[in-house]
Amino acid sequence: MKMEFTRRMPEYVCACGNKLDAATADVNKSPAHGDLSLCCYCGALNQFDENLKLQPVPDDKFDEVIQTVSPSDREDLLKYREMIKKSYQSRMN
């Protein structure tokens, strides 16, 4: 998946307490309703709502929500999420 320059967006405070104010997307694509975003600090999955504001994806909806992306993007998302979570956990210990 080729990524494009990070875009500024309305500030969002993730469940981990860190502020997110930018998003990186596929080339030539801005975030859209339903798009997914990983917190770069803790790996939490978030989704853009109809107003393009990030909303947390509840744990009980995680499997359902990640089925909305292509298999290759899903594989990348899960891989990056795991790497971020491991890094976050090591910083918290």
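The values are calculated or read from the model by the stated rules, or taken from the named source; none is laboratory data. From a predicted model like this one, the values you see are computed outputs, not experimental measurements. Don't worry about glycine lacking a Cβ; one is built from the backbone with ideal geometry, like all the others, and counts go over all protein chains shown.
Data overview
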{"read-out": "Filter result (assigned to a loop (DSSP other than H, G, I, E, B), more than 23 Å from Ser90 (Cβ to Cβ) and in contact (Cβ under 8 Å) with a residue 24 or more places away in the chain) within the stretch 14-54", "value": "Val27, Asn28, Lys29, Pro31, Gly34, Leu52, Lys53"}
{"read-out": "Pairs, first more than 22 Å from Tyr12 (Cβ to Cβ) in the stretch 55-84, second basic (Lys, Arg), C-beta under 9 Å, six or more apart", "value": "Gln67/Arg74"}
{"read-out": "Number of the exception - Ile66 against (1) at pLDDT below 90; (2) touching a strand residue (DSSP E or B) at 6+ places or on another chain (Cβ under 8 Å)", "value": "(1)"}
{"read-out": "In the stretch 71-93, residue nearest to Leu45 (Cα to Cα) [restricted to those that are loosely packed, with under 14 Cβ neighbours inside 10 Å and either at pLDDT below 90 or touching a Gly at 6+ places or on another chain (Cβ under 7 Å) (or both)]", "value": "Gln89"}
